[in-house]
1. Can you name every residue in the range A:125-142 that is in a loop (DSSP other than H, G, I, E, B) and surrounded by fewer than 16 Cβ atoms within 10 Å (Cβ to Cβ)?
2. For the range A:206-257, which positions are over 27 Å from B:SER170 (Cα atoms) and within 14 Å of chain B (Cβ to nearest Cβ)?
3. Quick one: in the range B:1-30, which of the residues that are within 13 Å of the chain's Cα centre (by Cα) and closer than 18 Å to B:GLY58 by Cβ is surrounded by the fewest Cβ atoms within 10 Å (Cβ to Cβ)?
4. Mind checking whether some residue in the range A:68-75 is surrounded by fewer than 19 Cβ atoms within 10 Å (Cβ to Cβ) and at pLDDT 95 or above?
5. Between A:LYS264, A:LYS228, A:LYS248, which is farther than 29 Å from A:ARG202 by Cβ and not hydroxyl-bearing (Ser, Thr, Tyr)?
6. Out of everything in the range B:180-196 that is more than 8 Å from chain A (Cβ to nearest Cβ) and hydrophobic (A, V, I, L, M, F, W, C), what residue ends up being farthest from B:SER103 (Cα to Cα)?
7. Any residue that is farther than 21 Å from A:ARG80 by Cβ, assigned to a loop (DSSP other than H, G, I, E, B) and more than 7 Å from every other protein chain (Cβ to nearest Cβ) - is there at least one of those in the range B:147-165?
8. Could you name every one of the helices (runs of 4 or more DSSP H) located completely within the range A:199-293 that has at least 1 residues being of a type in the set (Lys, Arg) and either surrounded by 18 or more Cβ atoms within 10 Å (Cβ to Cβ) or touching a residue at least 40 places away in the same chain (Cβ under 8 Å) (or both)?
Amino acid sequence: MSLQSKLESGKFAITCEVGPLKGTDITEVEENAELLKDKVDAANVTDQQSSVMRLGSLVTSSIILKKGLEPIYQVVCRDRNRIALQSDLLSAWVMGIRNVLSITGDLPQLGDHPAAKAVYDLDSVTLLQTIKTLNDGHDLAGNELQGKPAFFPGAVVKVESDTEASMELQVAKLERKIAAGARFIQTQAVYDAGIFGKFMKRVEKFKVPILAGIIPLRSPAAARFMNKNVSGVRVPDELIEKMENVPKEDRVQTGIEIAADIIKQVKPLCQGVHIMAIGQEKRVPDIIQAAGL
Amino acid sequence: MILSEQKPFEEILGYLEGEKSVFILGCNGCAQSSGSGGPVQVEEMKKKLEEAGKKITGTKVIDFLCEKALVKSGLRGKVDEVAAADSILVMTCGIGVQAVAASVNKICHPACNTVNLGGSRGEWKGSERCQECGQCLLDYTGGICPITACTKSLVSGACGGASNGKCEISPDRDCGWELIYNRLKAKNQLDKLKIFIDPLDHSKLMARPEMMSTSRYALEQSDQEGR
């Protein structure tokens, strides 16, 4: 069953992430696709994540699709203008890609090519609008398409913010994204089901399936790093302490258990989980099993 | 020197929808020489708005609206007229609109688009305020420019990168959209966050064709024309 039919029929969905690497070696991507294809409904293929140049998300989406894993083609607005974005979207449809996730994209200064020109000709909202326009059979200039796609577009949101302005802006933007055509939403990593529950109460009126983001902890240091550097992620102190109190060799297992525990808590509140294992893709099946999904 | 041109009157009327009274501010600096917001244009605007059924509580043309101190001193004798208005229509460049919006606790509508000058910038130094985009958005953003205040120049709202109100690029730089949010909240205009803004027309951000002409281009032209 496709991700779209699963979410539209109200079923609980599991997505994960496949990150293309720097270079032409696709062995790991193919291995991960093989391993995950029967365990998850679809996998996001990240697009130059953190502004670090890698193999493209379009071709990698096609590779995992051929391996039998349904891709969610991530598209960032940082690197391409509206001509390239529309053209790549049409190419994606022809290659059999159905799900697209619209993202603005980090600034180039945060990645490994800080001197690069940032484009942002479109942004996450206007890109969704663009996808809707293409689905309707036209391009952004109003010209008619010869053969049109029928993409299932998605978007992202942070559930937690450190200022009132930031939180309100997130909700306002989520509303804009949905108005612009987003039909599923994946969230930034969730570690506190209470806060997630409050967020879900606020946005339930939008009636769009939301998949809670899950990042398994690897070490106390990694948790602290995220708290310091990743906007919208806050790992509670008690979880960091829990990681600290187990021997080093057991930490990965503890991280999996914590992730499974969060999944169990958020499951009644939302319509799916999005597991971002960040280099630990091979452990995703363990997390799914531990969570009893 | 900054170049500006008046927005279409229909667009200005759209900004004023639901408002009964307006105070009009013009600028004796660049807007006067651009023919977009000097004394003559302020008078014309007053007439047109009155014909459209708006009450004009007062007008004032100030030397250099881009300088906040001059805005404040210039409006000193006009406090009651400004207070009686639902909003201020600011007939000058994007820098001037932002200076007024920052100085006066009133909704400030831009009446002009600032167009590309091909390099130089206006006054109110300290940070970049206007990129001469030719499609002024200040009405939607509380008089703070999203093109210059947001590092990514986003028109659809904040990205997810800010921490404690600061941009992901530097703890020194405010998140432009959080500034916009706080300004809209202070002026009771949070509904503006729901308005969909089309992608920018980047052709308007380029220098106008006549300014892209180089001496070489001129030589080639004269050559072709047999001069």
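The values are calculated or read from the model by the stated rules, or taken from the named source; none is laboratory data. Fair warning: this is a prediction, and the values are worked out from it, not measured in the lab. Don't worry about glycine lacking a Cβ; one is built from the backbone with ideal geometry, like all the others, and counts go over all protein chains shown.
1. Residues satisfying the conditions are A:ASP136, A:GLY137, A:ALA141, A:GLY142.
2. A:PHE206 - this is the single residue of the range A:206-257 that is over 27 Å from B:SER170 (Cα atoms) and within 14 Å of chain B (Cβ to nearest Cβ).
3. Among those residues, the one meeting the criterion is B:ILE12.
4. Within the range A:68-75 (the criterion being surrounded by fewer than 19 Cβ atoms within 10 Å (Cβ to Cβ) and at pLDDT 95 or above), the answer is yes, since at least one residue qualifies.
5. Matching residue, one of A:LYS264, A:LYS228, A:LYS248: A:LYS248.
6. If we take residues in the range B:180-196 being more than 8 Å from chain A (Cβ to nearest Cβ) and hydrophobic (A, V, I, L, M, F, W, C), then B:ILE195 is farthest from B:SER103 (Cα to Cα).
7. Checking the range B:147-165: not a single residue is farther than 21 Å from A:ARG80 by Cβ, assigned to a loop (DSSP other than H, G, I, E, B) and more than 7 Å from every other protein chain (Cβ to nearest Cβ).
8. Working: elements: A:220-229, A:237-244, A:251-266, A:284-290.
Hits in the range A:199-293: A:237-244, A:251-266.
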